[in-house]
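Every read-out reported here was derived from the displayed coordinates using simple, explicitly stated rules and does not represent laboratory data. Small disclaimer: the values here were computed from a predicted structure and weren't measured. Cβ atoms come from the backbone with ideal geometry, glycine included; neighbour counts cover every protein chain shown.
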């Protein structure tokens, strides 16, 4: 049965009449509003910026509160036919993602001239806290209108649903077992502390903040982040913090090591050093997991951050790390594309020779649990159309789950292109150590940081 929408005419309305709308703010609402209005104020659409407490007071301004009030006036009281004349609002509290709000309009005055109504407007959030107050003035309709309620079309907003699933899975693991005990190395910057606070709020981690205590506390104060109750392990400088994190990992006191304000080379040097104890006998390698628009499952790219120019033996370990991890993500038999500039073997291009050798190693069970093929160019690896047009016959071409890049430079550039040009969400993790290592970049989003922690929780599960 079609739902009808009906107005209340001026004569039917009395002073004191009211109407209420309830709604929960989602990040999808924010994105849709930005698309339709052009309002790309970072306080509204940038998760990292908006979570900074210095900007929290502007989250709801204009973007949502006013639109919800106008929705009540246009659909409920007076309803269809109402003409908005003016509005004056005060924004008292921020409205953030996940907040449940109640929007109420109440007729304060009724004037015969121009059939004018003055209405009090009130928006409250969870717990009855006043978020927005104000007054609206409308011209009420004089003719009864009853129309079928318009069905809002399903507008698709890219939300990286795969990553949302990983986060939900990780939260379940943390609830059933325990949050990750995470060693945060030298978190003396706003983004490191902001992401820690959000991960704690989502119950993903129990953090140990390792670094100069005074500098950590000063950074928290400057960013407006409350770190009371979080453990701080005092270390005189960033390298001492890295060493302390490794010691804690060796003693089984932490589940993961997370890079803060320290370079990747400074953090990884003591981790990969022979005899440091975090090695497992297999070469460590960094894997980026991408949630690609239009793709059903994840796309893994390795190695993007650790091995500069890996040799054949190291590539074998890097592939096996990625294969084992892909299986934990739910890919029963991962398809590995060994990338090169050509899809044929050329003796003068080392990556094509390595690709051929890796394929034979997979045939001889030196790489287990995967289909491996190469050399493949990037287009042949991910596009079935390209593979068919180029007459590349392969069980991997066009449907690769894992891309092995020739060297770190290639991997790093490809991963950035995926994020910045391809619209893919990416999250990374270092595999092959006794505990997972996370290397968030300074420009990484909150989603990237949280999903990386989620991947570490998933990795903790038995394979």
Hey, what's the Kirkwood Rh for the stretch 163-218 if you take every pair of different alpha carbons, in angstrom? 12.0
Starting from the Cα-Cα distance between residue 114 and residue 147, subtract it from 0.36 nm times their residue separation and give me the gain in nm to one decimal. 9.5 nm
Per the Kirkwood treatment, what hydrodynamic radius in Å, one decimal, follows for the chain from the mean inverse distance over all distinct Cα pairs? 25.2
Normalised by the residues of the chain, what does the relative contact order come to in percent, with Cα pairs under 8 Å and at least six apart? 14
Nearest 10 degrees is fine. How inclined is helix 408-420 to the longest principal axis of the chain, computing both from alpha carbons? 10
If packing is taken as the average count of other Cβ atoms within 10 Å, what order do 204-210, 308-314 fall into, highest mean first? 204-210, 308-314
For the stretch 223-327, compute Rh as the Kirkwood radius over C-alpha pairs and then the Stokes-Einstein diffusion coefficient at 25 °C and 0.890 mPa s; write the answer in µm²/s, rounded to an integer. 152
For the stretch 282-432, what class follows from the C-alpha gyration tensor (a ≥ b ≥ c being the square roots of its eigenvalues): rounded when a/c is under 1.5, otherwise prolate if a/b is larger than b/c, else oblate? rounded
Relative to the longest principal axis of the chain, what angle (0 to 90°, nearest 10) does the C-alpha long axis of helix 190-201 take? 80
Quick one: grab the alpha carbon gyration tensor of the stretch 354-410, order the square roots of its eigenvalues as a ≥ b ≥ c, and give me rounded if a/c is under 1.5, else prolate or oblate depending on whether a/b is larger than b/c. oblate
Rounded to 10°, Cα long-axis angle of helix 213-223 versus longest principal axis of the chain: 40
Quick one: the Cα spread of the stretch 271-356 along its three principal axes, in angstroms, biggest first? 42, 37, 21
I want to verify the translational diffusion coefficient of the stretch 127-267 in µm²/s; compute it with Stokes-Einstein, Rh as the Kirkwood radius over Cα pairs, at 20 °C and 1.002 mPa s. 115
